[in-house]
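The values are calculated or read from the model by the stated rules, or taken from the named source; none is laboratory data. Since the structure is predicted, the reported quantities are computational estimates derived from the model, not experimental observations. Cβ placement follows ideal geometry from the backbone for every residue including glycine, while neighbour counts extend to all protein chains displayed. Accessible surface areas use protein heavy atoms only, side chains included; no ligands, DNA or RNA. Shrake-Rupley method; radii C 1.70, N 1.55, O 1.52, S 1.80 Å.
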Protein chains: 2
Amino acid sequence: MTEDYPVQLKLEHQLCFALYACSREMTKLYRPFLDELGLTYTQYVTLLVLWEQDNMSVKQLGEHLLLDSGTLTPLLKKLEAMNLVARVRDAKDERSVLVQLTEEGRALRSRAEHIPENVFCQVGLTFEEGGKLRERLQQLVEEMQKR
Amino acid sequence: MTEDYPVQLKLEHQLCFALYACSREMTKLYRPFLDELGLTYTQYVTLLVLWEQDNMSVKQLGEHLLLDSGTLTPLLKKLEAMNLVARVRDAKDERSVLVQLTEEGRALRSRAEHIPENVFCQVGLTFEEGGKLRERLQQLVEEMQKR
DNA sequence: CACAATTAAATTGCATACAATCTATATGAG
DNA sequence: CTCATATAGATTGTATGCAATTTAATTGTG
């Protein structure tokens, strides 16, 4: 049965599945830390972007996160309801919505500061190894976005 | 502003985000091929498992895919509605549900056979490189599952 | 055997992802 | 200027993921 099963279709040989599984498992490691902050993973990465550069349009946020308004609009409304961001129309271009951290949103950063290293420790990854893997994945993402 | 921003919080430095982005981009590359078969990505990987070993319980499927019944039950009902699988109670243990490929489900395999290599080509990945990356990710998944 | 504890699915509720469509605003060619 | 085209968000609909709970069946222990 299994002997003549085409090798290229085995789940174990799928890079796509390794990525899919690895991404979900990684998110699970973040969950307990993020629960403490009352954030989901996607809300967390959105805040990462805003902590780095505040006052960004939904469009720009989407370019950083590779997400569209269909995902971001409801997510940002939730962050707004949690008093972490404000959404304001751009006076320079009324089509745009600017997302701005509130005082509370900015303050949350210090509580998130050590999450990545905590997770890193748990996985037993060195900074070196993790960095290499990350760079390989970033290359791949760039390659895929050309298609 | 940006100069004193804590390095460990930059989106560019997050392995978790690289995984999350890479996984989603990879799924996007599969989409046009899977559309032809009328399958979603999760339905596709579920069939990969069943093509490799038919007549598996929902529990076993979940162990391979790292998914629980909350995700699998509705997905399997859809595959059943599409006439690709049958769901039958295990006579040996009435708590279990066995998932079995239909003739149509088995037949679909030949049409899926060349999808992985097509996607691989698009990304410009050699079998060698892809395999190495996959193995690294599989290691990491195992490591994370110990936690 | 009786029954508490465990297990497998199913269900419920919430938060994404993302395609497709819609609405409002801005832009560019004539 | 003017209208066709493009662009930014919002909305709608479908399909996950996953935690928490529920239901039904099984198992282990006294």
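Principal-axis analysis of the Cα atoms of chain A puts helix A:103-112 at an angle of about 30° to the longest axis.
Averaged over peptide A:138-147, the number of partner chain Cβ atoms lying within 10 Å of each residue's Cβ comes to 6. Sorted from closest to farthest, the other copies place their B:D68 label points 3.1 nm away, with each point set 7 Å from Cα along Cα→Cβ. Among A:E113, A:E52, A:E103, the largest mean-square fluctuation in a Gaussian network model of chain A, built with springs joining Cα atoms closer than 10 Å, belongs to A:E52. When the listed pairs A:K28/B:K10; A:K78/B:K59; A:K28/A:K78; A:K10/B:K28; A:K146/B:K28 are checked against a 24 Å cut-off, the alpha-carbon distance exceeds it for A:K78/B:K59. Protein heavy-atom accessible surface, 1.4 Å probe, per residue over chain B: 53 Å².
Placing +1 on the Cβ of every Lys and Arg and -1 on the Cβ of every Asp and Glu, with nothing else charged, gives chain B a dipole about its Cα centre of roughly 400 debye.
Think of each Lys and Arg Cβ as +1 and each Asp and Glu Cβ as -1; about the Cα centre, that makes the dipole of the protein assembly as shown roughly 660 debye.
Dividing the C-alpha radius of gyration of the range B:1-95 by 2.2 N^0.38 Å, with N its residue count, gives 1.52. Take each residue of peptide A:52-59, count the partner chain Cβ atoms within 10 Å of its Cβ, and average: the result is 2.
Taking A:R95, A:R134, B:R24 and ordering them by how much accessible surface each has at a 1.4 Å probe, largest first, produces A:R95, B:R24, A:R134.
Helix A:41-52 and the longest principal axis of the C-alpha atoms of chain A enclose an angle of approximately 60°.
Peptide A:128-135 has a mean of 4 when you count, residue by residue, the C-beta atoms of other protein chains within 10 Å of its C-beta. Taking the 1.4 Å solvent-accessible surface of chain A as the whole, the part contributed by carbon and sulfur is 49%.
Chain A contacts chain B over a buried accessible area of about 5900 Å², both sides summed; the probe is 1.4 Å and only protein chains count.
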